[in-house]
Amino acid sequence: MWYRLNKIERCDDNKIRADIQVPPSSPWFDGHFPGEPVLPGLAQLGMVFDVIKKVAGGNLKIASVSRVRFKRIVRPDDLLKVIAAPLKRDVKAYTFQILIQDEQVSSGVIRFEKEEREGFAQKM
């Protein structure tokens, strides 16, 4: 895994919280940018997906991502907190934010759909 998942939990308010750290050896830092490593936004979205999928379970795939804002640079070894909360009107969607301490790094909405796995019988 390219990051360390230090802690993950589902809280009483149904939010998912995770503490994550991305080590300097992560391949995401290789090209972004020499001498000034920055974690790309795509990697941040990947962490959010992994955290939700780990807690929600099932064969999920991303249907859409919207209202995404990147507000702060993530450097190697920053301590990140991922918080995801299901939208009340759409059980297949979560709002999310990534924080460093109390400062917002990124936020948005991620929607899922069930991934259909093609079995042998379906191929015939």
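What do you reckon, is Ala121 part of a helix (DSSP H, G or I), at pLDDT below 95, more than 22 Å from Trp2 (Cβ to Cβ) and of a type in the set (A, V, I, L, M)? Against the criterion (part of a helix (DSSP H, G or I), at pLDDT below 95, more than 22 Å from Trp2 (Cβ to Cβ) and of a type in the set (A, V, I, L, M)), Ala121 qualifies.
The set of residues in region 1-34 that are assigned to a loop (DSSP other than H, G, I, E, B), surrounded by fewer than 18 Cβ atoms within 10 Å (Cβ to Cβ) and among the hydrophobic types (A, V, I, L, M, F, W, C) comprises Met1, Trp2, Cys11, Phe33. So, in region 35-89, exactly how many residues are in a helix (DSSP H, G or I) and among the polar types (S, T, N, Q)? Result for region 35-89: 1. Condition first: at pLDDT below 95, of a type outside the set (A, V, I, L, M, F, W, C) and over 17 Å from Arg17 (Cβ atoms). Can you find one or more residues in region 91-106 that meet it? Scanning region 91-106, I find at least one residue that is at pLDDT below 95, of a type outside the set (A, V, I, L, M, F, W, C) and over 17 Å from Arg17 (Cβ atoms), so the answer is yes. Please list, ordered by first then second residue, the pairs with beta carbon atoms under 9 Å, 6 or more apart or interchain, first in region 12-37 and at pLDDT below 90, second outside any loop (DSSP other than H, G, I, E, B) and not aliphatic (A, V, I, L, M). If the second residue must be outside any loop (DSSP other than H, G, I, E, B) and not aliphatic (A, V, I, L, M), the pairs left are Asn14/Pro86. State whether the residues of region 22-33 include one that is under 19 Å from Ser106 (Cα atoms) and among the small types (Gly, Ala, Ser). Scanning region 22-33, I find no residue that is under 19 Å from Ser106 (Cα atoms) and among the small types (Gly, Ala, Ser), so the answer is no.
The values are calculated or read from the model by the stated rules, or taken from the named source; none is laboratory data. Just so it is clear, the structure is predicted and the values come from calculations on it, not from any experiment. Please note: Cβ atoms are built from the backbone with ideal geometry, for glycine as well, and neighbour counts cover all protein chains shown.
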